[in-house]
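Just below is one structure, and these are the notes that go with it.
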Ligand code: HEM
């Protein structure tokens with residue numbers, strides 16, 4: 001297992017810490033148990049950043065799985081997440 005992917009070497013991230021990163025300049029998302037800093041990706045996303053903003057600072061698996069209209073992201077999109085990994089979401 002990749003130690004970074006497993007969230008080792010960094011304390012697990014709490015929902016409170018996650019919630020501190022909830023704007024366009026500083027946007028973290030928790031997706032399926034891992035936390036990603038997608039700030040640098042927001043300007044590259046195919047939609048305006050406003051589509052992603054409601055998911056910043058929170059559990060965003062639903063956003064990633066539905067794109068807001070019931071359709072999952074492609075495997076390519078899911079793979080891109082790895083570039084933005086920060087650590088594991090704490091199990092509370
Ligand atoms: C969690 C909140 C997010 C929402 C609500 C969202 C929504 C959308 C929407 C509406 C589209 C365009 C319509 C479509 O392709 O069907 C799209 C496309 C796309 N998004 Fe997102 N997105 C989110 C997060 C992300 C993240 C974090 C990434 C990558 C790091 C990403 C990567 C992509 C890519 C690559 C596409 C092109 C189509 C595809 O590959 O599925 N998105 N997204």
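Beta carbons closer than 7 Å, at least 6 apart along the sequence or on distinct chains, pair a first residue in segment 71-82 that is closer than 19 Å to residue 37 by Cα with a second that is more than 6 Å from the ligand (Cβ to nearest atom) for 81/31; 81/36. Within segment 48-70, the set of residues being more than 22 Å from residue 16 (Cα to Cα), within 7 Å of the ligand (Cβ to nearest atom) and not in a helix (DSSP H, G or I) comprises 67, 68, 69.
Exactly one residue out of 21, 73, 45 is away from the ligand (no atom under 12 Å from the Cβ), at negative phi and surrounded by 12 or more Cβ atoms within 10 Å (Cβ to Cβ): that is 21.
Of everything in segment 28-57, what is under 21 Å from residue 92 (Cβ atoms) and over 8 Å from the mean Cα position of the chain (by Cα)? Give them in sequence order. 32, 33, 55, 57, listed by residue number.
Readers should treat all values here as calculations from the given coordinates under stated rules, not as data from a laboratory. Note that this is a predicted model, so its numbers are computed, not measured. Cβ coordinates were reconstructed from backbone atoms using ideal geometry, including for glycine residues, and neighbour counts include every protein chain displayed.
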